[in-house]
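Asker: Would you mind keeping the following structure in view while I ask a few things?
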Amino acid sequence: MSEWGGTGEGLPGEIASALSGHGLILRGGFVFGEDEARPQGLSGAPATAVLLVGQAGATHWPHFLRWRQSRSREIADPLDSWSREAIGAVAEFFGARAVLPSDRPYLPFQQWAMRAEGLKPSPLGILMHPDYGLWHAYRGALLFDVEVAIEAPRNPIHLCDLCVGKPCLRSCPVDAHSEAGFAYGDCLRHVRSPSGNACLTGGCLDRNACPHGQGHRYPAELQALHMAAFAGAAEEF
């Protein structure tokens, strides 16, 4: 049951304010078409609207670290658990269903994100943002049973189209990213090997080579957390 007593018109602003208390931001949204596949909303009926929740740079990181200090060290995926708790609390307050990219069956988060913010994928597959570059993420979404008024995306210039040198395709020691796609196996073997320690502890070299959004670059320990999850390595977070 929702605790929110406002009107639908002011809903996005109130949600953005609530998310900011967790270092998260509202990342656009839209109303589903009647003829498209729609996940269940809080009522169990197909949802009417979706609002994307995420981060810009590492705005969430200090909030996550404070949460982590008060939780068991045995949590298998602490960042995912924190996201579920933080976004779930906001969803409960506003009468929405919270979903995460890791939920099964998988929901089309990247398609939702492109539709909500007008972004396009970079050569690395990560959506390129005009301000944050590759240093942003979508941590979850709020599914509503009612229509939510939110501004349409501004269709920003795709910065990758203006990038001539493409350093993101020339910095990996094993050429994991190319025009042909992502060589997952080659990347994983390298990161797990002694020669991949720089990637494991400091983040993907291709991602770090992108010149856009450098002021929002993740700190090394956050990049290490993501790389450890990718490599299946044990990290003390």
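Every number in this text was worked out from the coordinates using simple rules, so none of it is lab data. If you're wondering where the values come from, they're calculated on a predicted model, not measured in any experiment. Heads up, the Cβs are rebuilt from the backbone with ideal geometry, glycines too, and the neighbour counts pull from every protein chain shown.
Asker: Roughly speaking, what is the stretch gain from Ser195 to Ser72, that is 0.36 nm per residue apart minus the C-alpha to C-alpha distance, in nm to one decimal?
Answerer: 41.1 nm
Asker: So who's got an amide H within less than 5 Å of the one on Lys120, skipping anything under 5 residues away but keeping other chains? H placed 1.01 Å off N, in plane.
Answerer: The answer is Met128.
Asker: Taking the range 38-99, which GluC sites (Glu not before Pro) meet the DSSP loop condition and have no more than 11 other C-beta atoms within 10 Å?
Answerer: Filter output for the range 38-99: Glu74.
Asker: Follow-up. Could you tell me the distance between the Cα centroids of the range 36-81 and the range 94-155, to the nearest Å?
Answerer: 12
Asker: Of His63, His212, how do they rank once you tally other Cβ atoms within 10 Å and put the fewest first?
Answerer: His63, His212
Asker: Please get the size of the charge dipole for the range 160-230, origin at its Cα centre, with Cβ charges of +1 on Lys and Arg and -1 on Asp and Glu, quoted in debye to the nearest 20.
Answerer: With Lys and Arg at +1 and Asp and Glu at -1, about 120 debye.
Asker: For the range 160-230, just run the numbers: alpha carbon Rg, then divide by 2.2 N^0.38 Å, N being how many residues it has.
Answerer: 1.10
Asker: Separate question: For a quick check: sort Glu221, Glu179 by the number of other beta carbons within 10 angstrom, fewest at the front.
Answerer: Fewest-to-most ranking of Glu221, Glu179: Glu179, Glu221.
Asker: Per residue of the range 209-224, what does 6.51 cos²θ - 1.76 cosθ + 1.60 with θ = phi - 60° give for ³J(HN,Hα)? Whole Hz please, x for Gly and Pro, Karplus curve as stated.
Answerer: So the J values, rounded to whole Hz, are 7, 5, x, 8, x, 4, x, 10, 4, 5, x, 4, 5, 6, 5, 5.
Asker: Give me the distance in nm between label points sitting 7 Å out from Cα along the Cα-to-Cβ direction at Met114 and His158, one decimal.
Answerer: That separation, rounded to one decimal, is 0.8 nm.
Asker: Another question about this same structure. Among Ala180, Pro194, Phe230, which residue has its Cα positioned farthest towards the positive end of the charge dipole of the range 160-230, with +1 placed on the Cβ of Lys and Arg, -1 on the Cβ of Asp and Glu, and the dipole taken about the Cα centre?
Answerer: So the residue we want is Pro194.
Asker: So for the range 8-157, taking the charge dipole from beta-carbon charges (+1 Lys/Arg, -1 Asp/Glu), which of Ala56, Pro105, Ala141 sits furthest toward the positive end?
Answerer: The residue sitting most towards the positive pole is Ala56.
Asker: Rounded, prolate or oblate: pick one for the range 1-95, where a ≥ b ≥ c are the square roots of the eigenvalues of its C-alpha gyration tensor, a/c under 1.5 means rounded, and failing that, prolate if a/b is larger than b/c, else oblate.
Answerer: prolate
Asker: Report the full-extension gain for the segment Phe93 to Asp35: residue separation times 0.36 nm, less the Cα-Cα distance, to one decimal in nm.
Answerer: Working it through step by step, the gained length comes to 18.0 nm.
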